[in-house]
Amino acid sequence: MFKRITEEASEYRHLEKMSVKEILTNINKEDKKVPDVIQKVIPKIEALIHAITDKMLMGGRLFYIGAGTSGRLGIVDASECPPTYGVPYGLVIGIIAGGNKAITEAVEFAEDDADQGWKDLQYHYVTDKDVVVGVAASGTTPYVIGALEKCKEHGIVTGSISCNRDSPVSAAAEFPIEVVVGPEFVTGSTRMKSGTAQKLVLNMISTTVMIQLGRVEDNKMVNMQLTNEKLVDRGVKMLMENTGITDYAIAKKLLLTHGSVKKATENYK
């Protein structure tokens, strides 16, 4: 019988009797376990990243698909790629069971529909050029498992991120990643350690892929979108460093003319 470590009882009792400091200290103690567990699965993450990069260099896209907290984390990571790295919207896509409403509200039983995940992928015309990563803390979400199984039937590369060993979602994925962080501080509340683990892995995937795609130079986001004054200021300073321009106003004008640090640098040279 499949064992869900994510559903096991908390190692802490009577949380309501703890002081605020005790609660915070114990949550932090549990959170500290996450990076060490991720360290052990870096080879698995690396293998998935190579597969994603290969497909994207050939014109493919990256999909994250999940339900509840896992789905929301995928949407956050996908939505941050265009402004951070200047890639087109639609290159990295997050899909959540229950649709857009589920981003802010719970949609009852949406995650239990084993057929809807594939239907939602088809809405985006998913093909074998793409990679689909299922995100499911429990590793048992029918919405995600059904989608990955259909992807496999259609020759689409799949990965998964879960927090239980030998889960059904891992069995359905070509590149499974299992970050087993143990029982949650509040029993079954996988938005805590499990959510943190998934967020960190998603950060690692998207950041590394974007670096591999040439969206970062040195350690800077030279393709970021200039969507607010803070980012414009950051861009101006990067441009001044890259080009040797000493006049802030001249650098800002050049940056805004070309729309990115990378393009402004290329045109200055």
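Nothing in this text is a laboratory measurement; each read-out follows from the coordinates by a stated rule. As the structure is a computational prediction, the values presented were derived from the model and not from experiment. Quick reminder, even Gly has a Cβ in these numbers, built from the backbone with ideal geometry, and neighbours come from all protein chains shown.
Annotation for region 96-173 versus region 51-89: alpha-carbon center distance of 14 Å.
The residues packed around residue 29, meaning those with a beta-carbon under 11 Å from its beta-carbon, carry a net charge of -1 if Lys and Arg are +1 and Asp and Glu are -1. Within the same chain, aspartates and glutamates fewer than 8 places from residue 40 are excluded, and of the rest, those with a Cα less than 20 Å from its Cα are 30, 31, 166, 174, 178, 184. Does region 193-264 come out rounded, prolate or oblate by the C-alpha gyration tensor, with a ≥ b ≥ c the root eigenvalues, rounded set by a/c under 1.5 and, if not, prolate when a/b is larger than b/c and oblate if not? Since a/c reaches 1.5 and a/b is larger than b/c, the shape of region 193-264 is classed as prolate.
Potential lengthening of the chain between residue 9 and residue 101 amounts to 30.1 nm, from the contour at 0.36 nm per residue minus the alpha-carbon distance. Its relative contact order, with pairs defined as Cα atoms under 8 Å and 6+ residues apart, puts the chain at 22 percent. Which of 109, 185, 175 moves most in a GNM of the chain, Cα contacts under 10 Å? The residue that fluctuates most here is 109.
Assigning unit charges at the beta carbon (Lys, Arg +1; Asp, Glu -1) and nothing else, what dipole magnitude in debye, to the nearest 20, does the chain show about its Cα centre?
Working: 32 positive and 34 negative charges, 164 e Å.
The dipole of the chain has a size of about 780 debye.
Beyond 28 Å in Cα-Cα separation lie the following of the pairs 55/263; 29/152; 17/193; 21/199: 29/152.
Taking every alpha-carbon pair under 8 Å whose residues sit at least 6 apart, region 154-207 reaches a relative contact order of 28 percent.
Between 95, 59, 240, the Cα set farthest toward the positive side of the dipole of the chain (charges on each charged residue's Cβ, about the Cα centre) is that of 240. Note on the chain: dipole from Cβ charges, positive end direction compared against 231, 5, 202; the farthest Cα belongs to 231.
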